[in-house]
Amino acid sequence: MPAMLPDSDLTAPRATPAWRALKQVFLSLGSNLGDRVANIRKAVEELDRVRVKVRRVSSFFRTEPVDFSPQAWFLNCVMEAATELMPLQLLKAVKSVERAVGRRPGVTSGPRLIDIDILLYENVVVRSSVLTIPHERMSERRFVLVPLRELAPGARHPVTKRTVLEMLQDSKDLSRVVRFKLEG
């Protein structure tokens, strides 16, 4: 197993050694405070700085809040990225990006400038006190599955082996997810 990089190396530019191939990851991004489009765009830029290379970003979707109401609707998208970071390093990088965009501790499932979740990391399963991959509620959330379907409809959940399309078809989530038209 490759050696873990110290936290201070998360932002240092570095060539990818041959033994440390880039891993495919899918991240969910959401915002419901301030300029939601700008918050998500800034997060995407910041992710690039912490060695998470964006490959594709889904359309943006206006999504009805779940688990905590009333609050403003979210703007959500999913991105496919490549990284050399190991799962816990990726979590630290994602949290540093959330702080850089302005996220502060608040109410669980409440309003936030930015929220970034690791949905999938290759075909890896992680179960720890700080990180669960695949994301534990991924298969229950239309605001995740609809944009993920746009990028990877045939991607399989590494535990249940169900595709994104199958999870979306079987979802009991009735919340509204509406494509958002970006200006310009």
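The values are calculated or read from the model by the stated rules, or taken from the named source; none is laboratory data. For clarity, every value in this text was computed on a predicted model and none was experimentally measured. Here the Cβ positions follow ideal geometry from the backbone for every residue, glycine too, while neighbour counts run over all protein chains shown.
Looking only at region 149-174, how many residues end up being among the small types (Gly, Ala, Ser) and either over 20 Å from Glu122 (Cα atoms) or at pLDDT below 95 (or both)?
Residues in region 149-174 being among the small types (Gly, Ala, Ser) and either over 20 Å from Glu122 (Cα atoms) or at pLDDT below 95 (or both): 1 in total.
Please verify whether region 66-73 includes one or more residues that are aliphatic (A, V, I, L, M), free of Cβ contacts under 8 Å to residues at least 60 places away in the same chain and over 21 Å from Leu120 (Cα atoms). Before the answer, list the steps.
Residues of region 66-73 aliphatic (A, V, I, L, M): 66, 72.
In the following step, the residues that additionally are free of Cβ contacts under 8 Å to residues at least 60 places away in the same chain were identified as 72.
Then drop every residue that is not over 21 Å from Leu120 (Cα atoms), which leaves 72.
Taking every residue of region 66-73 in turn, at least one turns out to be aliphatic (A, V, I, L, M), free of Cβ contacts under 8 Å to residues at least 60 places away in the same chain and over 21 Å from Leu120 (Cα atoms).
For region 37-67, enumerate the residues that are surrounded by fewer than 22 Cβ atoms within 10 Å (Cβ to Cβ), assigned to a helix (DSSP H, G or I) and in contact with a Phe, Trp or Tyr (Cβ under 9 Å, 6 or more places away or on another chain).
Answer for region 37-67, where residues must be surrounded by fewer than 22 Cβ atoms within 10 Å (Cβ to Cβ), assigned to a helix (DSSP H, G or I) and in contact with a Phe, Trp or Tyr (Cβ under 9 Å, 6 or more places away or on another chain): just Val37.
If you take the residues of region 1-36 that are surrounded by 14 or more Cβ atoms within 10 Å (Cβ to Cβ) and assigned to a helix (DSSP H, G or I), which of them is modelled with the lowest pLDDT?
Ranking the qualifying residues of region 1-36, first place goes to Leu10.
Determine, yes or no, whether Glu80 is farther than 20 Å from Glu122 by Cα and either under 18 Å from the mean Cα position of the chain (by Cα) or modelled with pLDDT under 90 (or both).
Judged against the criteria, Glu80 is not a match.
Condition check: surrounded by fewer than 19 Cβ atoms within 10 Å (Cβ to Cβ), in contact (Cβ under 8 Å) with a residue 40 or more places away in the chain and of a type outside the set (A, V, I, L, M). Does Asp115 satisfy that?
No, not satisfied.
From the list Leu148, Leu182, exactly one residue is touching a helix residue (DSSP H, G or I) at 6+ places or on another chain (Cβ under 6 Å), closer than 23 Å to Ser59 by Cα and either surrounded by 19 or more Cβ atoms within 10 Å (Cβ to Cβ) or touching a residue at least 24 places away in the same chain (Cβ under 8 Å) (or both). Which is it?
Leu148
Check off (1) more than 27 Å from Met86 (Cβ to Cβ); (2) touching a His at 6+ places or on another chain (Cβ under 9 Å) for Met138 and give me the number that stays unchecked.
(1)
Report yes if some residue within region 33-46 is touching a helix residue (DSSP H, G or I) at 6+ places or on another chain (Cβ under 7 Å) and more than 21 Å from Val146 (Cα to Cα); otherwise report no.
Yes; the residues of region 33-46 include at least one that is touching a helix residue (DSSP H, G or I) at 6+ places or on another chain (Cβ under 7 Å) and more than 21 Å from Val146 (Cα to Cα).
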